[in-house]
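The values are calculated or read from the model by the stated rules, or taken from the named source; none is laboratory data. Everything numeric in this text was worked out from a predicted model, so none of it was measured. When we count neighbours, we look across all protein chains shown, and the Cβ atoms used for this are built from the backbone with ideal geometry, even at glycine. Ligands, DNA and RNA are stripped out before the accessible areas are found, and what is left, the full protein with its side chains, is counted by its heavy atoms. Shrake-Rupley method; radii C 1.70, N 1.55, O 1.52, S 1.80 Å.
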Amino acid sequence: MSQDMIVPISAVVSRIKTIVSNIEVHKVWIQGEVSNLTKHRSGHYYFSIKDNYAELSCVMFSSYVNKLTFSLEEGMKVLVKGSLNVYEQRGNLQLYVRTIKQDGMGELFLEFEKRKEMLFKQGYFEDSHKTIKPDFIENIGLITAKEGAALHDVMSTIQRRWPMLKVTLYPAYVQGSFAPASLIKQLKKADQNDHDAILIVRGGGSFEDLFCFNDVELVKTIYNAKTYIVSGVGHEVDTTLCDLVSDHRSVTPTAAAQWVTNDQYDVLNEIQNKQDLLINQMRHILDVNQTRYLNISANPYMQDPKLWIKQKQLALENLESRLDKHKEMFSNQQNKIEELKKSMYHAFNQKLINASHYREDKHKEMIHAIELYHMVVKKHLKENEGLLDAYSPLKVLTRGYSITNNNEHVIRSVNEVNEGDMIFTRLSDGTITSKIIKKEKQNG
């Protein structure tokens, strides 16, 4: 027996892990291009860093992802720092990334953005140009690889949901340099065959794998197609120019198949519900009409039309007789009203005449009373005028008296004036202005 040492694979991998983990890659920036990026719902990022000669799997946990100041995208050129380790269960070498900074975009990604901006400005992605989904789809064209997971996913979904759907396969390359021309050729062919919808689908892949769906001529062909176009390229995180120009974008081929098909069980349930509704409505209509029939058949007219007519004639004659009586009563009432109108007119006219006479008598009495009052007031005024004249101060002035003031008040004492003051003396026939030269006060 050989004396060579035998060790389990786990020991070998563990040894490799120990050696790898001691490599101090955390002291350098590793340069490469992001590929196969997956942003997991847990917040972790899984991707590869590659250049023209090598590729390395990477993991960036959510705690480090949350510190990113930009959105990591497929095709970006980046500089990363982290530590190397080995995933022992599979023996995979992985770089556990802690820090990422941008080192420019990959050429393909830059070309993608350039084409996207150009086509956007030219209006190829406008919603107003997109075709509305047909109400019922029963015939579709399917453009994809002849042998691929996308074809299987679409056909199995259709078989499960709506197996009566007519599907015409237009096989095309969905990867590589020949893919754009192949896709354009098959799309133009399918667009001439009066399908209700055309599906362009492909399974997931790297940014490079899906780049054929960013071809400008393919975008223009989809834009000019007359048929309703549905794209289902890659996975939910993948977005191509084909997705943007199509009338509807599904996140996967399976989702595209679901979009253009009905679920046969849902349809059967809906048909059953509508059938039940129609039956209930017809029963209701029959019940209503049966009730109407019974009501009509029970009508006396239907039992004996002639007797019903005679009864109606008798009733009409009775109404005519009553109408004649009411007409006669109405005529008598009108005559009474006319007589009352004449009587009221005569009485009202007589009241007007009496009121006119009364007004004239009162007018004369008021004039006589006013004249009498005027005479009495005039007499009193004459008497008061004599008394006022007799007691008037001006009357006293005619007997030689006078009134002196200094324009402020009447002067009653020599103490109220000073030498040099101006005074005014009122006589019966005028006023004298004087200047005081001297004043003397009498004693006693």
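Just how large is the dipole of the stretch 79-186 about the Cα centre, in debye to the nearest 20, putting +1 at every Lys and Arg Cβ and -1 at every Asp and Glu Cβ? Please list the in-between numbers first.
Numbers: 15 positive and 12 negative charges, 23 e Å.
The dipole magnitude comes to about 120 debye.
When the Kirkwood radius is taken over all Cα pairs of the stretch 1-68, what Stokes-Einstein diffusion coefficient follows at 25 °C and 0.890 mPa s, in µm²/s?
Working: Rh = 15.1 Å.
Diffusion coefficient, whole number: 163 µm²/s.
Averaging over all projection directions, find the projected area of the Cα convex hull of the chain and quote it in nm² with one decimal place. Each step should come with its number before you reach the end.
Numbers: hull surface 347.3 nm².
Result: a mean projected hull area of 86.8 nm².
Give, in whole angstrom and from largest to smallest, the semi-axes √(5λ) of the equivalent ellipsoid of the stretch 342-423, with λ running over the eigenvalues of the Cα gyration tensor.
On the way: eigenvalues 911, 56, 8 Å².
For the stretch 342-423, the ellipsoid semi-axes come out as 67, 17, 6 Å.
Please work out the Kirkwood hydrodynamic radius for the stretch 246-328, using every pair of different C-alpha atoms, and report it in angstroms with one decimal place.
Numbers: mean 1/r = 0.0511 Å⁻¹.
About 19.6 Å for the stretch 246-328.
Given C-alpha coordinates of the stretch 201-309, what is the ratio Rg to Rh with the Kirkwood estimate of Rh?
1.58
Accessible area per residue, 1.4 Å probe, Å², for the chain: what's the number?
On the way: 31760 Å² over 444 residues.
Result: 72 Å² per residue.
I need the calculated FRET efficiency for the pair residue 421 and residue 389, taking r as the beta carbon distance and R₀ as 51 Å, to the nearest 0.05.
Values: r = 34 Å, r/R0 = 0.66.
It comes out at approximately 0.90.
Using 0.36 nm per residue of separation minus the Cα-Cα distance, give me the extension gain between residue 21 and residue 66 in nm, one decimal. It would help to have the intermediate numbers written out before the result.
Details: separation 45, 0.36 × 45 = 16.20 nm, distance 2.47 nm.
Gain on extension, residue 21 to residue 66, equals 13.7 nm.
Calculate the all-directions average of the projected area of the stretch 111-185's alpha-carbon convex hull, and give it in nm². Don't skip to the end; give the middle numbers.
Values: hull surface 27.9 nm².
Hull-based average projected area comes out at 7.0 nm².
Can you list the trypsin sites (Lys or Arg not before Pro) in the stretch 340-415 that are in a DSSP coil and have 11 or fewer other beta carbons within 10 angstrom?
Details: sites: 341, 342, 351, 359, 362, 364, 378, 379, 382, 395, 399, 412; in loops: 399, 412.
Passing sites in the stretch 340-415 are 399, 412.
What lysines sit close enough to residue 441 to cross-link, taking a C-alpha to C-alpha distance under 30 Å and skipping anything fewer than 8 places away on the same chain?
Counting by Cα, and skipping residues close in sequence, residue 441 has these lysines nearby: 395.
Taking only the alpha-carbon positions of the stretch 229-282 and ignoring solvent, what does the Debye formula give for the base-10 log of I(q)/I(0) at q = 0.15, 0.28 Å⁻¹?
Result of the Debye calculation: -0.55, -0.98.
How many angstrom separate the Cα center of the stretch 282-309 from the Cα center of the stretch 31-49?
81 Å
Using only the alpha carbons of the stretch 113-249, what is the convex hull's orientation-averaged projected area in square nanometres?
Values: hull surface 31.6 nm².
It is 7.9 nm².
Return the carbon/sulfur percentage of the accessible area of the chain, one whole number, probe 1.4 Å, all protein chains in place.
Working: 17230 of 31760 Å².
That share works out to 54 percent.
For residue 77, go through the aspartates and glutamates and keep the ones whose alpha-carbon is under 15 Å away, minus same-chain ones fewer than eight residues off.
33, 51, 55, 103, 107, 111, 113, 208
If I take R0 = 60 Å and measure r between the Cβ atoms of residue 185 and residue 40 in this structure, what FRET efficiency does the formula 1/(1 + (r/R0)^6) give, to the nearest 0.05? Don't skip to the answer; put the middle values down first.
Values: r = 38 Å, r/R0 = 0.63.
Once the sixth-power term is evaluated, E becomes 0.95.
Give me the distance in nm between label points sitting 7 Å out from Cα along the Cα-to-Cβ direction at residue 264 and residue 399, one decimal.
If labels sit at residue 264 and residue 399, their model points lie 14.9 nm apart.
Could you tell me which of the pairs 17/81; 341/362; 27/50; 166/220; 133/220; 121/220 are separated by over 22 angstrom between their Cα atoms in the structure shown?
From 17/81; 341/362; 27/50; 166/220; 133/220; 121/220, over 22 Å: 341/362; 166/220.
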